[in-house]
Amino acid sequence: MSEQPQQPQQPPQPGYGYPQSGSNPYAGGQPGPYGYPQAGQPGQPGQPGQQPGYPQAGYPAPGAYPPPGGGYPGGDPNAPYGYDPYGRPYSDKSKIVAGILQLFLGTFGVGRFYIGHVGLGLAQLFTCGGLGIWALVDGIILLTSNDKTDAQGRILRG
C-alpha cells in the first residue's frame with residue numbers, strides 16, 4: 001500500500017463557502033437570509049433594536065398583563081378562575097352542580113360537601129336534609145343566589 005503524503009493544514013480560503021473574517025455581507029441594515037436581520041443588527045432602518053414579529057408602539061409587550069381568567073402560570077393562585085365584576089375571586093366549584101346535587105342528594109348533604117361546607121353537610125346528613133324540606137330549599141337557593149361561596153370564601157361560578 002502506498003501512503004499518501006500529508007497535506008499541510010491550511011485555514012479555509014474565503015470564497016469557498018466561508019466568509020472573510022471581519023466582514024458581514026448583511027451590514028448596513030440589509031436583511032439576512034429569509035428577510036430577517038442578522039444577530040446584532042437593528043431590526044429595521046430608523047427603528048434601532050426593533051425586531052420583526054414583536055409588538056409595535058402602542059401595544060403591550062408579551063406578558064405585560066396576566067392571562068385572561070387569571071389562570072396559571074403567572075396568574076393569581078387565590079383566584080384560579082379570575083374575578084367577578086366586584087373584584088371577588090371565583091371558585092373552582094360550580095353553583096349549578098352544587099344546586100343539582102343538593103336537589104337530588106340533599107338528604108345526604110352532598111351539595112354542601114361538594115362546595116366544602118362539611119359542617120352543613122353533616123347536619124343535613126344526620127337530619128336527612130330536614131326531612132327533605134331543608135335540602136329542597138337549600139338546592140333552590142344554591143341555584144338562584146349569586147353570592148354563595150365555597151369553603152375558601154370564593155364566589156361559586158355560574
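No lab work stands behind these numbers, since they all come straight from the coordinates. Please read these numbers as outputs of a predicted model, since none were measured by experiment. As a convention, Cβ positions derive from the backbone with ideal geometry for all residues, glycine included, and neighbour counts pool all protein chains shown.
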Review point. Counting only residues that are of a type in the set (S, T, N, Q) and within 30 Å of Tyr83 (Cα to Cα), how many does the range 102-158 have?
Key: 6
Review point. In the range 78-123, how many are of a type in the set (Ser, Thr, Tyr) and touching a residue at least 60 places away in the same chain (Cβ under 8 Å)?
Key: 4
Review point. Identify, please: which residue in the range 110-147 is assigned to a helix (DSSP H, G or I) and either charged (D, E, K, R) or out of contact with any helix residue (DSSP H, G or I) (no Cβ under 9 Å at 6 or more places or on another chain) (or both) and is, among those, nearest to Ser94 (Cα to Cα)?
Key: Arg112
Revision key, fill the gap. The correct count of residues that are part of a loop (DSSP other than H, G, I, E, B) and either closer than 20 Å to Gly106 by Cβ or not charged (D, E, K, R) (or both) in the range 148-158 is 6
Point to revise | Matching residues in the range 73-109 - criterion: being closer than 13 Å to Trp134 by Cα and not in a loop (DSSP other than H, G, I, E, B) | key: Gly99, Gln102, Leu103, Phe104, Leu105, Gly106, Thr107, Phe108
Practice item. Could you please find all residues in the range 105-123 being of a type outside the set (Ser, Thr, Tyr) and out of contact with any Gly (no Cβ under 6 Å at 6 or more places or on another chain)? Key: Leu105, Phe108, Val110, Gly111, Ile115, Gly116, His117, Val118, Gly119, Leu120, Leu122, Ala123
Practice item. Out of the residues in the range 101-142 that are over 17 Å from Ile155 (Cα atoms), buried (at least 17 other Cβ atoms within 10 Å of the Cβ) and of a type in the set (Val, Ile, Thr), state the one that is farthest from the chain's Cα centre (by Cα). Key: Thr107
